[in-house]
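Here the structure comes first, spelled out in structure tokens, and everything after it is commentary.
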Amino acid sequence: MGLSPKGGLWLGGVCALALASWTMIGCGGPAGTTAEPETGGATAAPVGTEVKGDIEVQAFKGGFGIDFYQKAADEFNKKHTGAKVTVDGDPRVWEKLKPRLVAGDPPALMFPGWGMDHWSLITDGALMELDAALDSPAEGADGTWRSTFEPGLLKLGQQEGKTYVLPYYFNINGWWYDKTVFDANGWTAPKNYDELLALCEKIKAKGIAPITYQGKYPYYMVHGMLLPWAHSVGGPEVIRKIQNLEPGAWKDPAMLKSAQMIVELRDKGYFATGATALTHTESQSDLVVGKAAMIPCGTWLYSEMKEQLKPTNKLTMFLPPPVAGGQGDPSAMIVSIEPWMVPAKSPNASGAIAFFKYMTSPEKAKEFVADKGSLMAIKGSAEAVKIEALKEPARLFGESKDVWSWQVRDWYKAMHTEIENALTSMLNGELTAEQFLDRCEAAAEATRKDSAIVKHKV
């Protein structure tokens, strides 16, 4: 499922506790902090000028570990002798955090990972609103803290114009190929869908599967083909309507065209035989060893496969080939953030803000990029990219005019599972493109009518 360095593909998972449980957390400010009065149901975080006392940090312990955060804590403690930051973590840290949030005993700062539904926390006032802190001076840079973040990534932690979670490292979804293989055969990455079809025919003639995919986890294709192509054909409004559960959104001509493109690739035999049964590592291994030429995946691909790579492998990303003449910007990309947050009842919100300011300072951001081989949400941090496989994603991000995120998988778990199941059925030839969209629209309708499901807007 690709849980190594990225923790989770998108902004969170589904909370195991009922929403009623979260209301027990309350919205009051933490004792002993300089939190301002509540605004819009949430407590405003302090700006981080008071740095003293214990500052407990709980972090998801994924493929990147927590050693970088612990090292930063040691450095911070030396700079602020009146403060003591401690960082602890777990691969399933959200399971430890949920009961603490309910009991009103959260850490000062947390990175709960993919198993925590932070949107429910926002809805129930369990997180601090961070805009006042963002508008305060930055650490290690001129201007405000807000000005140091990539704005397209910062907005992904907002609800109704207010910021509740902050990005750290982030992922980009695209397609990958081995440049060594392409160069040896005189192939170039396709710049549009028509070029993709022509390239696939050449690759197929060589006895190589043109495209493989992580069939056990259909969301890779949702993010790598279905959504980008609908966006390319119809523009961002198509995706906005779907995410906002507008009636009939799945029947948009752009969605139909996207589904038909997937069917066309299937019918022309351009997908690897049996790919619907492959895990993420199995399909990605086929790319690495040359059994397949291209695969949709995020920027975590290198970190997941680096142990299998040979010196000759040159994994390179390109964006999903757009449709010529489409309404979407060809530089558009789907991204996901790994969010950090300050609980509403943080025992030391000011210290938490000060520490995260230090963690996101330009110097520390560049260190993280260099040490961990990931992209960071801080402006200028891409200068520190050392891994060749990340240089092209960094360039594409810097040039993108439309950075967006798919939230449905976080917001509406059952709906997204049905989308994935229907997509698998279409890939297996059991559904037409029209029938696939009928099932997606029915899943959206069921979600719309379920009053127990909290609804969100983009």
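The values are calculated or read from the model by the stated rules, or taken from the named source; none is laboratory data. Just so we're clear, the structure is a prediction, and the values are computed from it rather than from any experiment. Glycine gets a Cβ as well: all are built from the backbone with ideal geometry, and neighbour counts include every protein chain shown.
Kindly list, by first and then second residue, each pair from a residue in the range 90-112 that is over 14 Å from residue 59 (Cβ atoms) to a residue that is among the β-branched types (Val, Ile, Thr) and outside any helix (DSSP H, G or I), limited to pairs with Cβ atoms under 9 Å and residues at least 6 apart or on different chains.
Matching pairs, first to second residue: 101/25; 102/25; 103/25; 104/25.
Just wondering, is there one or more residues in the range 80-89 that are out of contact with any Ser or Thr (no Cβ under 7 Å at 6 or more places or on another chain) and free of Cβ contacts under 8 Å to residues at least 24 places away in the same chain?
Yes, the conditions are met somewhere in the range 80-89.
Could you please tell me which pairs satisfy a Cβ distance under 7 Å, a separation of 6+ or placement on different chains, a first residue in the range 150-167 that is in contact (Cβ under 8 Å) with a residue 24 or more places away in the chain, and a second residue that is among the polar types (S, T, N, Q)?
Within 7 Å, the pairs are 154/163; 156/405; 157/163.
Is it true that some residue in the range 25-38 is assigned to a helix (DSSP H, G or I) and either modelled with pLDDT under 95 or basic (Lys, Arg) (or both)?
no
Anything in the range 433-458 that is of a type in the set (S, T, N, Q) and either part of a helix (DSSP H, G or I) or modelled with pLDDT under 95 (or both)? List them, or say none.
Of everything in the range 433-458, those that are of a type in the set (S, T, N, Q) and either part of a helix (DSSP H, G or I) or modelled with pLDDT under 95 (or both) turn out to be 435, 447.
Identify, from the list 141, 189, the residue that is small (Gly, Ala, Ser), surrounded by fewer than 23 Cβ atoms within 10 Å (Cβ to Cβ), in contact (Cβ under 8 Å) with a residue 24 or more places away in the chain and outside the structural domain of residue 302 (by TED's automatic domain parsing).
Details: 189 fails: outside the structural domain of residue 302 (by TED's automatic domain parsing).
It is 141.
Within the range 152-187, track down each residue that is among the small types (Gly, Ala, Ser) and in contact with a strand residue (DSSP E or B) (Cβ under 9 Å, 6 or more places away or on another chain).
Answer for the range 152-187, where residues must be among the small types (Gly, Ala, Ser) and in contact with a strand residue (DSSP E or B) (Cβ under 9 Å, 6 or more places away or on another chain): 152, 157, 174.
Check every one of the strands (runs of 3 or more DSSP E) wholly within the range 42-154 and list those with 2 or more residues that are over 20 Å from residue 378 (Cα atoms).
The strands (runs of 3 or more DSSP E) meeting that bar are 42-44, 53-60, 83-90.
Take the range 268-287 and flag every residue that is surrounded by fewer than 20 Cβ atoms within 10 Å (Cβ to Cβ), of a type outside the set (Asp, Glu) and more than 17 Å from residue 225 (Cα to Cα).
Scanning the range 268-287 gives 273, 274, 277, 279, 281, 285.
I'd like to check something: does the range 202-221 contain any residue that is among the aliphatic types (A, V, I, L, M), under 16 Å from the mean Cα position of the chain (by Cα) and in the same structural domain as residue 292 (by TED's automatic domain parsing)?
Checked the range 202-221: at least one residue is among the aliphatic types (A, V, I, L, M), under 16 Å from the mean Cα position of the chain (by Cα) and in the same structural domain as residue 292 (by TED's automatic domain parsing).
Looking at 423, 437, 431, which one is without any contact (Cβ under 8 Å) to a residue 40 or more places away in the chain, closer than 13 Å to residue 262 by Cα and not charged (D, E, K, R)?
Being without any contact (Cβ under 8 Å) to a residue 40 or more places away in the chain, closer than 13 Å to residue 262 by Cα and not charged (D, E, K, R) holds for just one of 423, 437, 431, which is 431.
Specify which of the listed residues (224, 161) is within 20 Å of the chain's Cα centre (by Cα) and on the phi > 0 side of the Ramachandran plot.
Exactly one residue qualifies, and that residue is 161.
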